[in-house]
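Inspection log for the structure reproduced underneath, given as structure tokens.
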Amino acid sequence: MENYFLQGEEILKTLQGERKRPKLLLHSCCAPCSSAVIQKLKEFFDITVYYYNPNVSPVEEYEKRKAEQKRLLSLWHIPLMECDYEGDIYENAVRGLEKEPERGKRCNVCFALRLQKTASAAKKGGYDYFCTTLTVSPHKNAELLNRIGLAEGERVGVPFLPSDFKKQNGYLTSIRLAKELGLYRQDFCGCVYSKAQREKEKAENH
């Protein structure tokens, strides 16, 4: 099994002390997860955050998360690249996978959808690297995310930064920063299917 955390750390070492900071397009799933990742990467890159999450439903939830993302970035003076809400594209992509469990095939399709879009935006915007905050979560398959990201990087010709951001207390840092900054921290991944599963788990625990 590849050690994507170490691969990413090696790349960061090569960037230390560079006179010209490379441009990184950072796909973000939400403000809390992005907080720890930005804190880690800002000394190495000029970061632009890319908020593309068509899986998040309903649109009111999407807008609430986007607003929190904007609030965090305004505090830290990090630019945001916005994009349209494309919930229909997500629903079409996962059609037939509605009954898949969380972390199953539906999530794989969702990861690919978001990273494909990020890779294409990185190419179009002339970025030196791209990556995603998703690996900061212990609930996400970091190996799969890295495999998809690296393949998308090869497709468009922009390097994907390998990562496992939950390492070295990355996930705990995201929780701490969210609490310190008063960030909205949702209790489900985002899609209608993850919300239904979360509500079922809550009901079973009562």
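The values are calculated or read from the model by the stated rules, or taken from the named source; none is laboratory data. Remember, it's a predicted structure, so these values are computed and weren't measured experimentally. Cβ sites come from the backbone with ideal geometry, for glycine too, and all protein chains shown count toward neighbours. Accessible surface areas use protein heavy atoms only, side chains included; no ligands, DNA or RNA. Shrake-Rupley method; radii C 1.70, N 1.55, O 1.52, S 1.80 Å.
Things worth noting here:
- Selection status of Arg65, crowded, with 17+ Cβ neighbours inside 10 Å, basic (Lys, Arg) and in contact with a Ser or Thr (Cβ under 9 Å, 6 or more places away or on another chain): no
- All of Lys140, Lys123 fail the test of being under 22 Å from Lys166 (Cβ atoms) and either of a type in the set (S, T, N, Q) or touching a helix residue (DSSP H, G or I) at 6+ places or on another chain (Cβ under 9 Å) (or both), apart from Lys140.
- Test: residue in the range 169-183 that is at pLDDT 95 or above, open to solvent by 10 Å² or more (accessible area, probe 1.4 Å) and touching a Phe, Trp or Tyr at 6+ places or on another chain (Cβ under 7 Å): no
- Every residue from the range 35-67 that is in a helix (DSSP H, G or I) and either over 24 Å from Lys167 (Cβ atoms) or of a type in the set (Val, Ile, Thr) (or both): Val37, Ile38, Val59, Glu60, Glu61, Tyr62, Glu63, Lys64, Arg65, Lys66, Ala67
Matching residues to (1) over 18 Å from the mean Cα position of the chain (by Cα); (2) closer than 25 Å to Gly157 by Cβ; (3) open to solvent by 20 Å² or more (accessible area, probe 1.4 Å); (4) among the small types (Gly, Ala, Ser):
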{"site": "Phe5", "(1), (2), (3), (4)": "no, yes, yes, no"}
{"site": "Pro22", "(1), (2), (3), (4)": "yes, yes, no, no"}
{"site": "Pro32", "(1), (2), (3), (4)": "no, no, no, no"}
{"site": "Phe45", "(1), (2), (3), (4)": "no, yes, no, no"}
{"site": "Asn55", "(1), (2), (3), (4)": "no, no, no, no"}
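- Lys140 within 14 Å of the chain's Cα centre (by Cα) and modelled with pLDDT under 95: yes
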